[in-house]
Structures are given as C-alpha cells and as structure tokens.
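S.K.: The following block contains the structure, expressed as structure tokens.
Just so it is clear, none of the values below were taken in a lab; they were calculated from the coordinates. In this text, all values refer to a predicted model and were calculated from it rather than measured experimentally. We place every Cβ from the backbone using ideal geometry, glycine too, and count neighbours over all the protein chains shown.
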Amino acid sequence: MIDSPLWLAAEPALLPSRIQMAFTLAVHVLLVPLGVAFPALTLVMEGIGIFRNNPVALRIARRWSVVMAVQFAVGAVTGTILSFEFGILWPRMMGRYGAALGLGFAIEGIAFFLEAIFIGIYLYGWRRLAPRTHFLLGLVLPPAGVLGTFAVLSANAFMNTPGGVTVDAGQVVDVDAASVLFTRALGYEFWHFLIAVYMTAGFAVASVYAVAWLRGRRDDYVRLAFAVPFTIAAALTPIQLVVGDLSARALAGDQPQKFAAMEVTWTTRDHNPEVILGWLDGSGQVQLGLAVPSLNSWLVGYSPDTVIRGLTDFAEDARPNIVEANITHLAFDVMIGLGLAGAGLAAWYFWVLWRRRRLPDSTWFFRLASLAGAGCYLAVETGWITTEVGRQPWIVYDVMRVSDAVTEAPASFVWTMLATLVVVYSLIGYFFVRLLMQLGARWRDEDARAIEAPEEGAPYGPRPRRLGHGS
Amino acid sequence: MAPELIALVLLLGVAAYSIAGGVDFGAGIWDLLAGTSPRGREARALIDHAMAPVWEVNNVWLVLSIVVCWTAFPALFQATFLSLYPLFALALIGLILRGAFFAFRHVAEDAREHRLADLVFGISSVLTPFFFACALGAIASGRVGSGSAFEASFNPMSIAFGLVSVAATAFSGASFLAGDARRYGAPEMIDYFRRRILASGLVLIATGTVALAVIGLEAPSLFRSMVAGRGVVFALATMVLTPAVMLLAWRGMYRWFRVLTVGAVGSMVFAWGFAQSPYLLPGKLTIEQAIAPPATQTVLLIVTVALVVLVAPSLALLLYLDQKNTLESPEP
C-alpha cells in the first residue's frame, strides 16, 4: 500500500472518499437483488394463488410483499445517499460528465418513481382491492425494476467504456444520447447483472425455506415457497455462466488493464495460464495459486497462441496497482467459484426433478440450498468489486482519474461523514435484521395458530390504526 | 427556450419536494412536539397513519431534482457541491436517520426504545429541511464558489432560508394533517391541528418577513427582483395565500385550504427561483452558461414528458386510493 502513490495522492480526501463510496455502494448493492427481482417472484406466487385458487400461495405472496416493501424502503434510503455522494465526494466527475452520466440516472428516476408508487399500492391494497386488480397493478413493478437496472447499469457502463461525448477543454460540448446510453460494456454488464439479481433473489428467498425444511417443516407452504424461487434461480444459473464468460472475454478487449488484473497477468504473453487464487507480489511474481497452463489464452481466443496483455503493458499511473490487482483477482475467482458451485446445485436439483418428478429430499441438498442465498450475495459483491476495483485508477475509464474527480473537502470532513454513516448504517442493519426476525417469528406463530394477518404491525403495512377510533 | 424549460423543470422538482417533503417533515415536527399526553398520543397515531403509504414517494422528488441538476447543469452541480458539501452532508444524515427511525419506531420493543426512536425521528424532521433550505439560501446569497466552504454554507441568508423552511414545513404539515383528521372523522384532531396552523402560520409570516429583510441587506439585486421584478407575482401570492389559509382555518372552513397551502409554499420557492433567473448562481453562472449539450436537453425533456404521461396518472391513482381509504386495513 505504502509504495503506491495512488492510495494517498495529493488530494487528502481521496482515501476516505474511496472508502466511503465503497462502503455505501457495498451496502446498497446488497439491497438491489430483492428490490429489483422480489416483486416478480411475489407476483408469480400471487398468480399461482389467484389463477390456481391456491390460498397457501396467496398467503406466501402477501407475506413476501411485506419484506419486499421494507427492503425497498431501506434501498431507497441508501440509494438517495449514493446520489448525493456523487456531488459530495466526486463533484468534478459530475461537473465534467454529468451531462452524459445523468442520462441513465434520469431514466432511473422514472423507474424509481413507478416502483415507489406501485409498491405502496401493492402493499396497502391487499385488503380492499379486487384480487385481479391488485395483481394487475403489481405487474408494473417487474418492468420498472428492469428499467431501473438498465438505467443504472447504463451509467456504470459509461464509466467503464465511455463513448458518445465530445470533450473540449475539460467540458462536454456534445453528446450523442444513444451512444452514451448504449456503450460497449452495457451489453454484457446489463444481462450479467439482471440475471444475477434474479438468481440472488430466488436463491436468497428459497434459502429461508431450505432452513425451515432442515428444521423439520415439510408442509405445502414450505415446499411451495422453496420450489418457486429456487426453480427460477436454478434455471438462470447456466445462462449466467455463458453470459459471465462472454463478459470476461469482452473485457480482454474493452478494458485490458482490468482483465490483466483479474487474471494477475504481469507481462504480455501467449500461452497465458489461468491462475486460480494466489496473488502478485511486488516484483510481479504470482505467489501460491494454481496455474493451469495456457487455459486463459484458450478461454479468450480458443487457442493457446492467443496473446493476453499484461499489467506492465500499461503506464504505472494507468493501471491498477498491485494491491488493487490482487483484490480484483481474488474477488473475480471467488465469484467464478460461487457461480460454478451454484451451477452444480442447480444440476442436482433439475436431475432429481427430471428423474423422480419431485423435490430433492436429501439433507445435504437443503444444507447447500440454505447457503445458496448467502453465496449469491457474496457473488454479487465480488462481481461488483471486480468491476469497480479493476477499473482503478480511472473513475471514467481512460479519460478521468479518481484523484481528479475527488472533492476539495478536507479529509477530516470525509472521515467524519464516513464514521457517521457507518454508525447509522449499522443501526439500520440491526433494526432491519431484527424486524425480519420479528416478522418471521410472528408468521411462524400465526401458522401454528392459523391466523391470517401477515402485514399487521410491520412498519409499512397495514397502516397503523389510530388510537381511540377503533371499534 | 429549452434551457429555460429545463430550469423550470428543476425548479418544479425543488418546489414539489418542498411541498410533498415539507408536509412530511412538518408532520415529523408535530410528532416531536406532540408530547406524551393522551391528546398528543392520538395526534402521533394520526401522523403515523397519514404518512405511511406516501412518504417514500415524496422522497423521489429529491432524487429527481438532484439528477436533473447534475444532468442539465453540471457546472452548477459541481460548484454547489464543491462549496456547500457541509450542508448536504448534514441534510443527508438527517434524511437517513429520519427514514430509518420512522420505519423502526414501529418495531421498537419497549417504551424507552420507542421514545428514543420518536425523538430521533422528530429532531431529524427539523434538521433535514433546515439544512436543505440553507443550501438554497447559500446559492441565493451568491457565496457559492467564493470563500471557504464554511462561509459559503453558513451565513445570514442560508440561516434565514433554513428557518423559513422549518416554519413552512410545520405550516403545511399542520394543514394537511387537519385535512387527514377530517377525512378520518376525528373532530378533536381537526381542532388540534387547526390551532397549529394558526400558530405556525404566524411564525412563518414572522420568519418570512425577517428573511425578506435579510435578502434586502445581503442580496439587494435579488431583493429588487423579488419585490419589483420576475419574482413579484409569486412573492405576492405567498403573502396573500398564507394568511388566507390561516383565515380559513380560523373560521373552520376547510374548502380548498390544502390547495392554497400548496400554493403558498410553492409560490415561496418560485419567488426565489424566478427572482434569481436567469442566474443559477447569482452574478456568476446563468442558465445559458451552465446548460448541457442539446442531446442531453432533448433526453431530459423526453423524460419529463414520460414523467407526466406515466408517473402523473400513477401518482394520481396512489393519492386517489389513499384518499378513498382503499389503502387501509379494516378496523378490527
């Protein structure tokens, strides 16, 4: 760390600003999968309930909608913070590229608005709206989530492969809207992330009921609540492997520094090995790690003769430093490992489903399934780390450095804000988890006593009764 | 033409947040002042009930304004945040605390925790609009981009704007809560909030007068524009509408008074915005100088149209269902 000037460059607030952005984004990205994809799962469940006349499915959907709304509320708060951090931490990036980066975010504004409105209607409309009306109004949510994902990924893709802008004297003087919104990286980033959030939501929700299965609950409720999200997530897993592979291969051309960091390739060469785990030392040697000869060249160009550019092919101030490269590499490997493990679990599931026409009944299967949710969240985090840390030192790839975008605020200010945010986020996290546990406990209790009032007492629904005006 | 139109969209966003968010913050302020008497507890329950389904949507106006600001006027965004980051950081912390503790006071397990959550929610409801409005005052003062961040952020103008906004949120909060009390058929609560409309209205008139005096001393050209230029229509509107709402409340006439409240608060924001135009940063940066390239303007106008076409009916549906008490659990 010390030998790298990029960590503590001239701007004193650079380090705390990077940490703060990383921290708040890392938290926000945890809330995204359920925010985007949970409504779709809930609607599938509600659809089963309405069109197959299944009261158990309806009860599940109704409970899920509570979790969905609470989690959306927390995500809305952490997302609002991010939009302000663009100004507080990186004012000069927005000053120069706001006219381009903003396009995606403006579209995101529409999506956010629709989500906020229709989540309110969906959650609070269970009792008074006709079932089909309620279902139909809910159908706005999944496309709104996809639109929001597109918009944010479009902005991120611009940071990775900027295009469509004409810059003159540090100012964007012309914008080609379509080219800005659809930069090269969007194609793979969008599909990779969209599939990731649906997988994560599916596996995460299913893992709750895998735990219930392990604790001995085997009723229709648990089987249905497990099977629907798990099937959706498992079906997406093999697709994700293909999309992920395409993404990595595209990076070799689009962002060769990032690709070199992911693969810890120090010098440009053919017959490049695929290094599994391990790390680069200060002299560019890979320590530990398992090197599969020529595999990386094979994967990129289907031939061992494919030349892969190494980190040293780039100027020292235009590539990730050793620490950043190692973080990128390890995060990438963890993501790949989790993806392969998920594919194995999906294969197991579909094998049993196909051969025996029923859910697996192996305890080991459910043990692994109960970890799949956490595994997916870890994969989302590590994938995001790969993309963001691998882009360093650039904030907008190849045209603006992170150190050129940072605020002029003193480091002490940003450190203080960071500390405050850590405290507040911890509080939010604590209350959020406690709330979910309270809801879970109450619903288990209701199932035991067969009471139907899933939203009662949750912070977003049904609306708290006024004192003194009840019956 | 397009640049002015987009500036108007931004001003509308700020005004919408001042109104919708303001009603929310105001409710939080009355929650803080409600105390623990039976009457106060009843008021607090009504506040909770009224806020639940809409408070998140209100927040979207804020995000929208920020996004339009950095997309349409990147230079304004950069200069403002480079200078006023202390205010935005404080407002932001207030905003998260408020959102989090509004949600979590419902899961608080014992009375002590509950009181703490109420307190944090209430205090952050005062501080958040204060600091946001301070930022507008700082912009109006012309100090953005000169002097230290501290001087730019905290000066007579920013403090005056902050105080006015706290009074205005309390005023609009009381006005909307009186309306909710009517809708729920709670006569005691109507009276409770009626008296609060009058009290906060008086405070609003007092702080508004002081603020106008401060503007006259600190930013004479803005003052001229407010009393005899582009802002005058809106300045007059707010001076007429605020007492009009109070008069209706005093006489117990509840027709139109919420619309008039929206008019009073919205006019205040417009009075500032129009008086300052064509400057985004008085004396330093005009709309023409800061506007993004044409393609960005086009996208923003398309997004605006989409908002009107898609979001307006949705929002209307939400408010309609809410006002019809459809979004509600039946009484036990």
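S.K.: Please order B:F88, A:F38, A:F259, A:F350 by the number of other Cβ within 10 Å, starting at the fewest. Let's see the in-between values first.
M.R.: Working: B:F88 21, A:F38 27, A:F259 24, A:F350 15.
Fewest to most other Cβ atoms nearby, the residues stand as A:F350, B:F88, A:F259, A:F38.
S.K.: Please work out whether segment A:133-265 counts as rounded, prolate or oblate from its C-alpha gyration tensor, where a ≥ b ≥ c are the square roots of the eigenvalues and a/c under 1.5 means rounded, while otherwise a/b larger than b/c means prolate and anything else oblate?
M.R.: Numbers: a/c = 3.78, a/b = 1.83, b/c = 2.07.
Judged from the Cα gyration tensor, segment A:133-265 comes out oblate (a/c at least 1.5, b/c at or above a/b).
S.K.: Identify the trypsin sites (Lys or Arg not before Pro) of segment A:299-356 meeting these criteria: DSSP loop state and at most 13 other C-beta atoms within 10 Å of the C-beta.
M.R.: Numbers: sites: A:R309, A:R355, A:R356; in loops: A:R309.
Taking segment A:299-356 and a limit of 13 other Cβ atoms within 10 Å, no loop trypsin sites (Lys or Arg not before Pro) are found.
S.K.: Additional query: Please state the equivalent ellipsoid semi-axes for chain A: what are the square roots of 5 times the Cα gyration tensor eigenvalues, largest first, in whole Å?
M.R.: Values: eigenvalues 327, 159, 80 Å².
Equivalent ellipsoid of chain A: 40, 28, 20 Å, largest first.
S.K.: Sticking with this structure for a sec: Between A:S283 and B:V309, what FRET efficiency comes out of the Förster formula 1/(1 + (r/R0)^6) with R0 = 51 Å and r the beta carbon distance, rounded to 0.05? Each step should come with its number before you reach the end.
M.R.: Numbers: r = 61 Å, r/R0 = 1.19.
After rounding, the FRET efficiency stands at 0.25.
S.K.: Given H placed 1.01 Å from N in the peptide plane, which residues other than close sequence neighbours of A:D174 have an amide H under 5 Å from its amide H?
M.R.: A:T166
S.K.: Where does each of B:V308, A:V389, A:V36 land when they are ranked from fewest to most other beta-carbon atoms within 10 angstrom?
M.R.: Working: B:V308 10, A:V389 22, A:V36 29.
The most exposed by this proxy come first: B:V308, A:V389, A:V36.
S.K.: Next question, about the same structure. Taking 1 over the mean of 1/r across every pair of different Cα atoms in the protein assembly as shown, what Kirkwood radius in Å do you get? Please list the in-between numbers first.
M.R.: Numbers: mean 1/r = 0.0358 Å⁻¹.
For the protein assembly as shown, inverting the mean 1/r across all distinct Cα pairs yields 27.9 Å.
S.K.: Given 0.36 nm per residue, what is the gain on full extension from A:L246 to A:A347 after removing their alpha carbon distance, in nm? Walk me through the numbers before you get to the answer.
M.R.: Values: separation 101, 0.36 × 101 = 36.36 nm, distance 2.12 nm.
Full extension from A:L246 to A:A347 adds 34.2 nm.
S.K.: Only counting other Cβ atoms within 10 Å, I'd like B:M239, A:M262, B:M157 sorted with the fewest neighbours first.
M.R.: Numbers: B:M239 18, A:M262 27, B:M157 24.
Going from least to most buried by this count: B:M239, B:M157, A:M262.
S.K.: Does segment A:170-230 come out rounded, prolate or oblate, given a ≥ b ≥ c as the square roots of the eigenvalues of its C-alpha gyration tensor, rounded meaning a/c under 1.5 and, failing that, prolate meaning a/b above b/c? Can you show the working numbers first?
M.R.: Values: a/c = 5.78, a/b = 4.73, b/c = 1.22.
Note, shape of segment A:170-230 comes out prolate.
S.K.: For chain B, what log10 I(q)/I(0) values come out of the Debye formula at q = 0.11, 0.15, 0.16 1/Å, with one point per alpha carbon and no solvent?
M.R.: After summing over all Cα pairs, the log10 values are -0.71, -1.30, -1.45.
S.K.: Taking H as built 1.01 Å from N, whose amide H comes closer than 5 Å to the amide H of A:E274, not counting residues under 5 places away?
M.R.: Under 5 Å from the amide H of A:E274 lie the amide H atoms of A:V292, A:S294, A:L295, A:N296, each far enough along the sequence or on another chain.
S.K.: Would you mind computing the Rg to Rh ratio of segment A:282-331 from its alpha-carbon coordinates, Kirkwood style for Rh?
M.R.: Details: Rg = 12.4 Å, Rh = 12.6 Å.
On the Cα set of segment A:282-331, Rg over Rh gives 0.99.
S.K.: Before rounding to the nearest 500, sum -39500 (n - 2.57) across all DSSP H runs of length at least 4 in chain A and divide by the residue total; then give [θ] at 222 nm in deg cm²/dmol. If you can, show how the numbers build up before the last one.
M.R.: Details: 14 runs with 325 residues, N = 471.
It comes out at -24000 deg cm²/dmol, rounded to the nearest 500.
S.K.: Let me know the volume per residue of the alpha-carbon convex hull for segment A:320-382, in Å³. Don't jump to the answer; show the numbers that get you there.
M.R.: Numbers: hull volume 4.5 nm³, N = 63.
Cα convex hull per residue, to the nearest whole number: 72 Å³.
S.K.: Which loop chymotrypsin sites (Phe, Trp or Tyr not before Pro) in segment B:230-332, with loop taken from DSSP, have no more than 12 other Cβ atoms within 10 angstrom of their Cβ?
M.R.: Those satisfying the criteria are B:W256.
S.K.: For A:D398 and A:A448, FRET efficiency with R0 = 56 Å and r from the beta-carbon atoms, rounded to 0.05? List each step's numbers first, then the result.
M.R.: Working: r = 60 Å, r/R0 = 1.07.
E(calc), rounded to 0.05, equals 0.40.
S.K.: Would you work out if segment B:261-322 is rounded, prolate or oblate? Take a ≥ b ≥ c from the square roots of the eigenvalues of the alpha-carbon gyration tensor; rounded if a/c is under 1.5, else prolate when a/b is larger than b/c, oblate otherwise. If you can, show how the numbers build up before the last one.
M.R.: Numbers: a/c = 5.30, a/b = 1.37, b/c = 3.88.
It is oblate, given that a/c is not under 1.5 and a/b is not larger than b/c.
S.K.: Given 0.36 nm per residue, what is the gain on full extension from B:L202 to B:A316 after removing their alpha carbon distance, in nm?
M.R.: 37.9 nm
S.K.: Which value in nm describes the separation of the simple spin-label points at B:A2 and B:K284, placed 7 Å from the Cα toward the beta carbon?
M.R.: 2.7
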